[in-house]
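Participant: Okay, handing you the structure first.
Bear in mind that the values in this text are calculations on the coordinates, not laboratory data. Treat the numbers as computed from the prediction; the structure is a model and nothing was measured. A quick note on method: Cβ atoms are made from the backbone with ideal geometry, for glycine too, and the neighbour counts reach across all protein chains shown.
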Amino acid sequence: MTGADPMRLLVSGVRPEAERVISLLLEDPHGDDLPAWEPGAHVDVTLPSGRIRQYSLCGEPSDRRRYRIAVLDVSDGRGGSREIHDSVRTRDVLEIRGPRNHFRLMEATSYLLVAGGIGITPILPMARELARRQADWRLVYCGRGLTSMAFLEELGELDTRHPSRIMLVPEDRDGRPDLAAELRRHDAGAVYCCGPVGLLAAAETATASTRPDAAFVSERFTGAGSGSAADDPGFEVYCARSDVRLHVPADRSVLDCLREAGLPVLSSCEQGICGTCELSVLNGDPDHRDSLLNDEDYAGGAFLACVSRSRSAVLTLDI
């Protein structure tokens, strides 16, 4: 089995992990191995309503029989997490795409991992992997309170095997973490952060001021603001495989125009943070406005149709 095509996976377990957080185990109904993945990877989950949402894999990469995801019930979100909490049960079958990874561990002399709330999901497998490598690493895990922080038992087991590597910072007890002080104590070559926008901003600022030579890598839950398409002139998109030409006006996204033309493009966040609507640029000068991809992705032609634009008059896409 590969992750190139949609997979229909069985929900083999649903478990509470913290206040408003549940985990789902996903397995092939026939017991086949699932596509391999590395820490930082996520899958696209199609919910019964047809909504598509992205969830980080937070199990063991060596376990090819099952995936694990964790879902926080976000009361003021867009409905996906509420649907999972209310509707998805053991023995249900969900359509899964992936895994995909835009948050991959790089080689570094040492690592500081920073997680906030449900942002622990991609960070937990990273901590396990770095421990397995016998790397120099430390984890700062923040949350509103201990009852809201998922996977504490697993983190406790990891801390027992690797003492003094994990610092829990429940805000109701300890306040907010002093990330600059933590960076001064830990000479990190790479800082990985996942969580709310405020935590990401604080971690990036602390890294820049305290360890300016360190690589800062983050994964966002909400868009960072990609600029308004109304600030740009319109442009033309040529869809090479479909032999279709489209005009993208200043007030419409590429994704909107592709949909209007009947061209199938999956989408979810429409904020440039999930990668579901990723297409390949064949020709032209794209204006990347996402908060997900990096220079290597751009060099390979990756383009997020929901927020990105074109600097050239014509942009050719592989669709």
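Participant: Can you give the extra length, in nm with one decimal, that the chain gains between His85 and Thr109 once fully stretched, where that is 0.36 nm per residue apart less the Cα-Cα distance? Could you put the intermediate results ahead of the total?
Facilitator: Details: separation 24, 0.36 × 24 = 8.64 nm, distance 4.02 nm.
Fully extending the segment from His85 to Thr109 adds 4.6 nm.
Participant: Please name whichever of Trp137, Gly156, Trp37 sits farthest to the positive end of the charge dipole of the chain, dipole taken about the Cα centre and charges placed at Cβ: Lys and Arg +1, Asp and Glu -1.
Facilitator: My answer, from the dipole projection, is Gly156.
Participant: Regarding the range 12-53, what is the average projected area of its C-alpha convex hull, in nm²?
Facilitator: If I average the Cα hull's projected area over directions, I get 4.3 nm².
Participant: Long-range amide H contacts for Ile319: which residues qualify at under 5 Å (H placed 1.01 Å from N, peptide plane, sequence gap of 5 or more or a different chain)?
Facilitator: Ala240, Arg241, Ser242
Participant: Same structure again: In whole percent, what relative contact order does the chain give with Cα contacts below 8 Å and a gap of six or more residues?
Facilitator: Numbers: 687 pairs, mean separation 43.1, N = 319.
Result for the chain is 14 percent.
Participant: Before rounding to the nearest 500, sum -39500 (n - 2.57) across all DSSP H runs of length at least 4 in the chain and divide by the residue total; then give [θ] at 222 nm in deg cm²/dmol. Provide the component values of the computation, followed by the final result.
Facilitator: Values: 8 runs with 68 residues, N = 319.
Here the helix-only value at 222 nm equals -6000 deg cm²/dmol.
Participant: Report the per residue volume, in Å³, of the convex hull enclosing the C-alpha atoms of the range 1-113. Each step should come with its number before you reach the end.
Facilitator: Values: hull volume 13.5 nm³, N = 113.
Convex hull of Cα atoms, per residue: 120 Å³.
Participant: Order of 141-149, 119-127 by packing, highest average Cβ count within 10 Å first?
Facilitator: Details: 141-149: 18.6, 119-127: 25.4.
Put in order of decreasing packing, that is 119-127, 141-149.
Participant: On to the next question. When Arg245, Arg220, Arg20 are ordered from fewest to most other Cβ atoms inside 10 Å of their Cβ, what list results? Spell out each step's value before the answer.
Facilitator: Values: Arg245 12, Arg220 21, Arg20 18.
Going from least to most buried by this count: Arg245, Arg20, Arg220.
Participant: Please report, in whole Å, how far the alpha carbons of the chain spread along each principal axis, starting with the longest.
Facilitator: Principal axes ranked by extent give 59, 50, 36 Å for the Cα atoms.
Participant: Can you give the convex hull volume per residue for the Cα atoms of the range 111-220, as a whole number of Å³?
Facilitator: It is 90 Å³ per residue.
Participant: Another question about this same structure. What residues have an amide H closer than 5 Å to that of Val114, excluding those fewer than 5 places away on the same chain, when H is modeled at 1.01 Å from N in the peptide plane?
Facilitator: So Val114 has HN proximity to Val140, Tyr192, Cys193, Cys194.
Participant: Here's a follow-up. How much net charge surrounds Arg184 when only the other residues with a Cβ under 15 Å from the Cβ of Arg184 are counted, with Lys and Arg +1 and Asp and Glu -1? Could the numbers behind the result be given before it?
Facilitator: Values: positive: Arg138, Arg185, Arg211; negative: Asp178, Glu182, Asp187, Asp213.
That works out to -1.
Participant: Through the Karplus equation 6.51 cos²θ - 1.76 cosθ + 1.60, θ set to phi - 60°, convert the phi angles of the range 175-188 into ³J(HN,Hα) values in whole Hz; use x for Gly and Pro.
Facilitator: Per residue, the Karplus-derived 3J(HN,Hα) values read x, 8, x, 8, 5, 4, 5, 5, 5, 5, 6, 10, 7, 7 Hz.
Participant: Name the shape class, rounded, prolate or oblate, that the alpha-carbon gyration tensor gives for the range 71-167, where a ≥ b ≥ c are the square roots of its eigenvalues, rounded holds for a/c under 1.5, and otherwise prolate holds if a/b is larger than b/c and oblate otherwise.
Facilitator: Values: a/c = 2.16, a/b = 1.64, b/c = 1.32.
In terms of gyration-tensor shape, prolate.
Participant: HN-Hα J couplings of the range 123-135 from phi, Karplus 6.51/-1.76/1.60, θ = phi - 60°, integer Hz, Gly and Pro as x?
Facilitator: 6, 4, x, 5, 4, 4, 5, 5, 5, 4, 6, 6, 7
Participant: Follow-up question, since we're still on this one. Jot down the radius of gyration and Dmax of the range 229-317, Cα atoms only, both in angstrom.
Facilitator: When restricted to Cα atoms, the range 229-317 yields Rg and Dmax of 11.6, 31 Å.
Participant: Under the Karplus relation 6.51 cos²θ - 1.76 cosθ + 1.60, θ = phi - 60°, what is the ordered set of whole-Hz ³J(HN,Hα) values for the range 273-279, x standing for Gly and Pro?
Facilitator: Per-residue couplings from phi come out as 10, 10, x, 4, 8, 5, 10 Hz.
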